[in-house]
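Read-outs: derived from the displayed coordinates by stated rules, not from any lab. Source: prediction; values computed, not measured. Positions of Cβ are backbone-derived with ideal geometry, glycine not excepted, and every protein chain shown enters the neighbour counts.
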Amino acid sequence: MRSRFFASLLPLSPPAMINASLKQLSTQLAQKKISSVELTQFHLDRIARLNPGLNAFVTVDAARSLAQARAADARIAAGKAQPLSGIPVAHKDIFCAKGWLTTCGSKMLANFVSPYDAHVVERLNAAGAVILGKTNMDEFAMGSSSETCFWGPVRNPWDRTRVPGGSSGGSATAVAARMAPAAIGTDTGGSIRQPAALSGICGLKPTYGVVSRYGMIAFASSLDQGGPMAKSAEDLALMLNVMAGFDARDSTSLERPAEDYARVLEAPPTGDRAKPLRGLRIGAPKEYFGAGLGSDVGAAVEAALAQFEKLGAQRVAVSLPNAALSVPAYYVIAPAEASSNLSRFDGVRYGYRAPDYTDLADMYRKSRAQGFGAEVKRRILIGTYVLSHGYYDAYYLKAQKIRRLIAQDFVQAYKQCDLIMGPTSPNVAFALGAKASDPVEMYLNDIYTVAANLAGLPAMSIPCGFGEGGMPVGLQLAGNYFTEARMLQAAHRYQLATDWHLRQPAGVE
Amino acid sequence: MSLSLPEVKRVALLARIEITDGEAEVVQGQLNDIFKLIEQMQSVDTEGITPMAHAQDVVQRLREDRVTETDQHALYQSIAPQVENGLYLVPKVIE
Amino acid sequence: MDWETVIGIETHAQLSTVSKIFSGAATRFGAAPNVQACAVDIALPGVLPVLNRAAVEKAVRLGLAVGADINRRSVFARKNYFYPDLPKGYQISQYELPVVRGGSLSIAVDGAEKTVRLTRAHLEEDAGKSLHEDFHGMSGIDLNRAGTPLLEIVTEPDMRSAEEAVAYAKALHALLRWIGICDGNMQEGSFRCDANVSVRPKGSAVLGTRCEIKNLNSFRFLEEAINYEVRRQIELLEDGGTVVQETRLYDPDRRETRSMRSKEDAHDYRYFPDPDLLPLVISAETIEQIRSELPELPQAKCARYMSEFGLSAYDAGVLTSSREVAEFYENLIRALGGGYKLASSWISVELFGALKRAGMEISQSPISSGQLADLLQRIQKNAINGKQAKEVFDAMWDGEGDAEAIIVARGLTQISDAGELEQVIDSMLAANSKSVEEYKGGKEKAFNALVGQAMKATKGKGNPALINEILKKKLAG
């Protein structure tokens, strides 16, 4: 009832509101056509209505969100608006937010109220954004379907019998179902890009080191990166502008001059209006178009590449000869680092402690056996094994060497092209439970995405059509180190000429 | 390569995760499937290749030696499972 | 069977930085539980380590002081194991590539000099503490110490006796304090030694199985523990048994080592480079900068005191036992413009005696080197004699004022006027005719008695050398 009352006051009708860009929302707020309180309440109402059927949000705290919204409104009124003032953003439940329950999708942290803010959360708060809620995810970010969440699986708004992808499935669904104008997620092996692809939205993983990992609960330290998820490349650029930047508390955070990632969105490289992407060379690696790729996905991606050519880009053939090794290497490195990162979850200082135990050793073993889900335990065991005495060289070291080969492949490829493009995922969203019993089959979902994490390269996914069952297909763009702006520009140009990114699932009006 | 059941249990012990015999058997099968995936790494020769630990060739930044943290133990311990007199309590540690 | 003892020592020295190695929490000892354990130290989800510059500089200083190689590139590794005082479930340490490689330290045992080679030294973080005083059957964990920077210094198995081991530990302890990287407070756990002990038949080139005795925090316990362990191993072997490689603790009350409750998974620490940290690269310029700031090291200083100032090895050793003492001595002789031996004996006898009685360190001495110089100059000029100087010293110590004031107040000026002394001696001789007779009759000791009487007659102010001279003349003539 309340939402309808507000709806009648809104200058933008709800359908327009839920598809407004961040820039449009910002303008509405600045012009006081809408307040942040109204905007935030609007989205909270949508969450109340839609989330029960989608399970995208783990925690919503209207009082906290509205308090932030009121503060944002005050700043706007005082003429001190910041880039994201008043914009509600959903946070993947992997980012520590002070005073918020931060569960990482796990029973292990089901009671963990974070005593501090992650760096990214501090940046968003400082930019005036409102924390809309904490989104559901695969437990400890280990998964490609958002089915391993302690809080139950997330559902794809395009088809609620299907998964939204993972591990940032809650954030993807929140944006896809228009419960949030934007969200933040993390990507270790594709966990931003793949759910973006399967849910029909846009998601970006920056160059490793561009976004601080301080406060982002660690899965695989050398692969994890936080990034934005939203409805358009332009929105991603605005979000990245706020998220990116040096943080002295993260030793792997890079000190670089500040960048405006939106600076070349509208700039045609050659000044040619008809062919705004003339001069852009797009590499489509043959390894990404071979066996294993669904024909429906392949068709949509080919159509997208053709569209880029229409915009003036030149398609070149490139090869990433070691592509097939990226999944095996990833499934050594990621579990190895994770097995060590998750050792701190022992029931001593925070988190789950088993209710019954006989002694200290028993307390550890039971707390961890009960607190962690099956997939997390599997990965910890693999990681522990590959690091253990006698196996380190054959597995961990070998994987790090393959990692170098993969990175070198990209270096070579980028001598011939500016952006690498291909499918984000070999298939569209699959049914809930379809791959849950076969870990390896689930891992193969990551086949096109993990290489960018291994090499530390920036990559993003944008919608480019539909496949089997009317499910969204995602196109992956990958750039050379620090070329996010160029990547976003190409995506933006594509989005000016097409409307895949404007499609919304039925039932979320 | 393939994990034996005793090895599965040894690894579970190293990782401090309690595992019943039944669970160990199920996990053994799953882990061995995953190892088949990982074994594909052996198909390429990596002789002479330097392992890559980080994407960028950067070196560790150093922090000035200054006290920058204040006492927040009350806040941190408000979420602890068991605390007394400022100490975290655990089952007795035997040296 | 003649047995040879083989000992290697691993020392964990807490580096005297003000903040922790990977976080900005304070390292000061003695704070209330967990008030100095910040988010990084308690391993909250999502926190990350950042390396303390001063910890690196102190490690390099040690490396240079022992003539080691500084690895221009070193790597931090995770040592994974579970223990409640180890919040992350791993310790950040260095494994394959430590910051310091090689080096050596000379020690002296019973006058014999020996070189102990170092294998390496690396940076790592300290763990917290478990308190076992009962909390109704539980242990209490204090993480204040977690994250304190440690330098782990490892020797080759070069020592052959508990004495050599203690000499090494003392020399290392003194050196670390000398170069200002560790306060060496063993009660507070700043300097902890583990001894690796084995025995073998004399002449054998093969090393015996060793046992590690952990966490010896006094030189006495180090010596006792090693001696016990050597006896234990020899008895075991002579009885036909074998030594089991294990970790042992020393029980100072029962004066024996015993096996630690074995940790089931032994030591699969699953070392791998810490992905949250980048390789530590130290430039040649930085190394040279640190080298240029190194003080003259104790052994070089000791040798210089012997050659330049003519001091004995023993005396030079006492004066170079700590940087504070050496600085005091050098300030003293600079003010005296020499007086090397005079200054040396006054420091090692009078000053040290007073400090010991008061339980003070030289830095707390109420008498400064300048004030002592003033006093000693008066001896050099014969204004007062040694006995008077001691009296003045004690008065200065008690805060009665400076030397001048005390001498004047107590009328302690030495009588060096020959005429005055002759008069006093004449009177004294007249009153001591018996001793004179005895002396003239051949009893040498009677001379000393006469000297004593002369000093008494001058109320202790007589110039002893002059009294001697005058007395001899008068008795001869």
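Descriptive notes on the structure:
- The Rg/Rh ratio of the range A:63-111, with Rg taken over Cα atoms and Rh as the Kirkwood radius over Cα pairs, comes to 1.12.
- Counting neighbouring Cβ atoms within 10 Å and putting the fewest first, the residues C:Arg28, A:Arg160, A:Arg213 line up as C:Arg28, A:Arg160, A:Arg213.
- Shielding by other protein chains, C:142-151, mean Cβ within 10 Å: 1
- Computed from label points 7 Å out along Cα-Cβ, the spacing between C:Asp426 and C:Arg255 is 6.8 nm.
- Low-density loop cleavage sites - GluC sites (Glu not before Pro) in the range C:281-333, where at most 14 other Cβ are within 10 Å (DSSP): C:Glu296
- Largest-first principal axis extents of the Cα set of the range A:308-433 (Å): 68, 38, 26
- Computed Kirkwood radius, in angstrom, where 1/r is averaged over Cα pairs of chain A: 22.6
- Each 10 Å bin from zero up to the one holding the largest Cα-Cα distance in the range A:14-243 carries the following percent of pairs: 9, 38, 39, 12, 1.
- Set of aspartates and glutamates with alpha-carbon distance to A:Lys107 below 17 Å, sequence-local pairs under 8 removed: A:Asp93, A:Asp138, A:Glu139, A:Glu147, A:Asp346, A:Asp356, A:Glu375, B:Glu18
- By the Kirkwood approach, averaging reciprocal distances over each pair of separate Cα atoms, the range C:1-56 gets a hydrodynamic radius of 14.1 Å.
- Considering only Cα atoms, the convex hull volume of the protein assembly as shown works out to 231 Å³ per residue.
- Shielding by partners, peptide C:373-383 (average Cβ within 10 angstrom, other chains): 0
- Rg/Rh for the range C:3-286, where both radii come from Cα atoms and Rh is the Kirkwood radius: 0.97
- Where N is the number of residues in the range A:190-245, Cα Rg divided by 2.2 N^0.38 Å: 1.10
- Three principal axis extents describe the C-alpha atoms of the range A:8-56; from largest down they are 34, 18, 15 Å.
- Using a cut-off of 18 Å between Cα atoms, the listed pairs C:Lys443/C:Lys472; A:Lys23/A:Lys134; A:Lys23/A:Lys275; A:Lys377/C:Lys79; C:Lys356/C:Lys459 include A:Lys23/A:Lys134; A:Lys23/A:Lys275; A:Lys377/C:Lys79; C:Lys356/C:Lys459 as exceeding that distance.
- The lysines whose alpha-carbon is closer than 25 Å to the alpha-carbon of C:Lys114, local same-chain residues fewer than 8 away aside, are C:Lys170, C:Lys202, C:Lys214, C:Lys301.
- Per-residue Cβ neighbour rank within 10 angstrom, fewest leading, C:Cys211, A:Cys464: C:Cys211, A:Cys464
- Proxy reagent accessibility, fewest Cβ within 10 Å first, across A:Thr207, B:Thr50, C:Thr247, A:Thr483: B:Thr50, C:Thr247, A:Thr483, A:Thr207
- Stokes-Einstein D in µm²/s, Kirkwood radius over Cα pairs - the range A:212-295 at 20 °C with 1.002 mPa s viscosity: 130
- Relative contact order [Cα under 8 Å, 6+ residues apart], chain A, whole percent: 17
- Peptide A:369-377 is shielded by partner chain Cβ atoms: per residue, an average of 3 of them sit within 10 Å of its Cβ.
- Descending by average beta-carbon neighbour count within 10 Å, the peptides C:188-197, C:153-162, C:250-259 line up as C:188-197, C:153-162, C:250-259, the highest first.
- Ellipsoid equivalent to the range C:356-449 - semi-axes via the Cα gyration tensor, in Å: 36, 17, 11
- Taking only Cα atoms of the range C:132-271, radius of gyration then Dmax in Å: 17.0, 55
- The mean sequence separation of alpha-carbon pairs under 8 Å and at least six residues apart, normalised by the residue count of the range C:235-331, gives a relative contact order of 12 percent.
- Chain B: projected area of the alpha-carbon convex hull, averaged over directions, in nm²: 13.1
- Across the range A:99-224, Cα-Cα pairs farther apart than 22 Å form 30% of the total.
- Relative contact order, percent, chain C [alpha-carbon distance under 8 Å, six or more residues apart]: 14
- Long-range tail of P(r) for the range C:296-410 (Cα pairs > 18 Å, %): 48
- The packing ranking of peptides A:358-365, B:12-19, highest mean first, is B:12-19, A:358-365, where packing means the average number of other beta carbon atoms within 10 angstrom of each residue.
- Computed [θ] at 222 nm, deg cm²/dmol, the protein assembly as shown (DSSP H ≥ 4; -39,500 (n - 2.57); rounded to nearest 500): -11500 deg cm²/dmol
- Globularity index of the range A:236-383 is 1.63 (Cα radius of gyration / 2.2 N^0.38 Å, N = number of residues).
- Take C:432-445, C:31-44, C:347-360, A:411-424 and order them by the average number of nearby Cβ atoms within 10 Å per residue, most first; the result is C:31-44, A:411-424, C:347-360, C:432-445.
- Computed from the C-alpha gyration tensor, the three semi-axes of the ellipsoid equivalent to the range C:418-476 are 17, 11, 10 Å, from longest to shortest.
- Chain C: translational diffusion in µm²/s, Stokes-Einstein, Kirkwood Rh over Cα pairs, 4 °C, 1.567 mPa s: 49
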